[in-house]
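The values are calculated or read from the model by the stated rules, or taken from the named source; none is laboratory data. What you are looking at is a predicted structure, and each value in this text was computed from that prediction instead of being measured. We place every Cβ from the backbone using ideal geometry, glycine too, and count neighbours over all the protein chains shown.
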């Protein structure tokens, strides 16, 4: 019999004793709201009026014609409020925090979208808000940091370790231990100790519920494949849940191949061979670690994908063969991004573009009577500095230099 909070032999809640009562309280509230249809109705109503749900399912006609295989549909989470799927989980947890009666929220963020979503939720509900962000990601995602601060959040750059997402998570847990009576940790992905993987997946399932209904209406039958990028895995699990029981629908997760799997500079846990089972940050999954259990450095052009671990739910589905994993390199991502922009006028986030890479590789092998869905987890506005630098755009460099000179005056 599988214990609560485990998916196969992955997951669990490996937490310090001091947090035991906090997690017991969180589990109690979460179990209560799962049984309360009125809570889910309130959540859906909030997302339909404050955000942009249901988000559209866009037929990418030009890309479909370009590849000549299956019809390509894009689930547009970029049109969700704050520009990504992150708002789904964050606003749901915000409603939960209200029920719990707590007044402060904390969060970690990598690409910054979860931080922006949390700051937005805190502003709406009147919570104090602190966001932990790796120092390197602060530099990569300065526009998101700007908006977090303008909405009243305190953004704390984390200078430990690799100064990226895993270090931000560690700092957020340290804060929670010291302030658990007044504070809720709004974990941003389907990782961490139970009930977070299940909770985040539950709120994100709204993506898949919508996508299944939309593709049946638009195309008349289920898609052959569904693609999504995978960092921790929240957007992927969000859309996959709509098709989990449909064995004829292949589910494909795409991780960060970075500079190539042979380079060691990547974040491919399930698509590569460098990961191994381990316990860290409160749960058991596949981590990028050495033989001594020390976490390895990761790399991705996308700040939201360079995480050392992956959802225990996805690890279980990978082990069972229900979800297939692939990896996309930085250069492939830039190519897919450019093609999507020029063919469809749509700007995927660098994270989302990983899913596009694998879909483009495979779509022409499918018949024209079939369809695929790519989950576009967010928009690329936040990545303008990284994208412009990758393209070596001379006019952008001139603009930045000119603006810097103006600020000196």
- So which residues in region 251-282 are closer than 23 Å to residue 350 by Cα, touching a residue at least 60 places away in the same chain (Cβ under 8 Å) and not in a loop (DSSP other than H, G, I, E, B)? 251, 252, 253, 254, 255, 256, 257, 258, 261
- Say whether the condition of being at positive phi, surrounded by 17 or more Cβ atoms within 10 Å (Cβ to Cβ), in a loop (DSSP other than H, G, I, E, B) and in contact (Cβ under 8 Å) with a residue 24 or more places away in the chain is met by at least one residue in region 1-15. yes
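Considering only residues that are assigned to a helix (DSSP H, G or I) and in contact with a helix residue (DSSP H, G or I) (Cβ under 9 Å, 6 or more places away or on another chain), which ones fall in region 370-394? Spell out how you get there, then give the answer.
Of the residues in region 370-394, the ones assigned to a helix (DSSP H, G or I) are 380-391, 394.
380, 381, 382, 383, 384, 385, 386, 387, 388, 389, 390, 391 - these are the residues of region 370-394 that are assigned to a helix (DSSP H, G or I) and in contact with a helix residue (DSSP H, G or I) (Cβ under 9 Å, 6 or more places away or on another chain).
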- Take region 59-75 and flag every residue that is surrounded by 20 or more Cβ atoms within 10 Å (Cβ to Cβ) and part of a strand (DSSP E or B). 71, 72, 73, 74, 75
- In region 283-293, is there at least one residue being part of a strand (DSSP E or B), without any contact (Cβ under 8 Å) to a residue 24 or more places away in the chain and more than 21 Å from the chain's Cα centre (by Cα)? yes
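Identify all residues within region 301-328 that are modelled with pLDDT under 95 and closer than 30 Å to residue 246 by Cβ; write none if there are none.
302, 304, 305, 307, listed by residue number.
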- Message: Return the residues of region 16-27 that are surrounded by fewer than 17 Cβ atoms within 10 Å (Cβ to Cβ), part of a helix (DSSP H, G or I) and in contact with a helix residue (DSSP H, G or I) (Cβ under 9 Å, 6 or more places away or on another chain); say none if nothing qualifies.
- Response: 18, 25
- Task: Could you tell me which residue of region 173-183 is surrounded by the most Cβ atoms within 10 Å (Cβ to Cβ), considering only residues that are out of contact with any strand residue (DSSP E or B) (no Cβ under 6 Å at 6 or more places or on another chain) and not in a helix (DSSP H, G or I)?
- Result: 180
- Query: Would a scan of region 112-122 turn up a residue that is within 23 Å of residue 34 (Cα to Cα), buried (at least 24 other Cβ atoms within 10 Å of the Cβ) and more than 19 Å from the chain's Cα centre (by Cα)?
  - Reply: yes
- One residue from 281, 289 being within 21 Å of residue 9 (Cα to Cα) and touching a helix residue (DSSP H, G or I) at 6+ places or on another chain (Cβ under 9 Å): 281
- If only one of 230, 226, 249 is within 20 Å of residue 309 (Cβ to Cβ) and either crowded, with 19+ Cβ neighbours inside 10 Å or touching a strand residue (DSSP E or B) at 6+ places or on another chain (Cβ under 9 Å) (or both), which one is it? 230
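In the list 170, 235, which residue meets the criterion of being closer than 30 Å to residue 250 by Cβ and either surrounded by fewer than 24 Cβ atoms within 10 Å (Cβ to Cβ) or touching a strand residue (DSSP E or B) at 6+ places or on another chain (Cβ under 7 Å) (or both)?
On the way: 170 fails: closer than 30 Å to residue 250 by Cβ.
The match here is 235.
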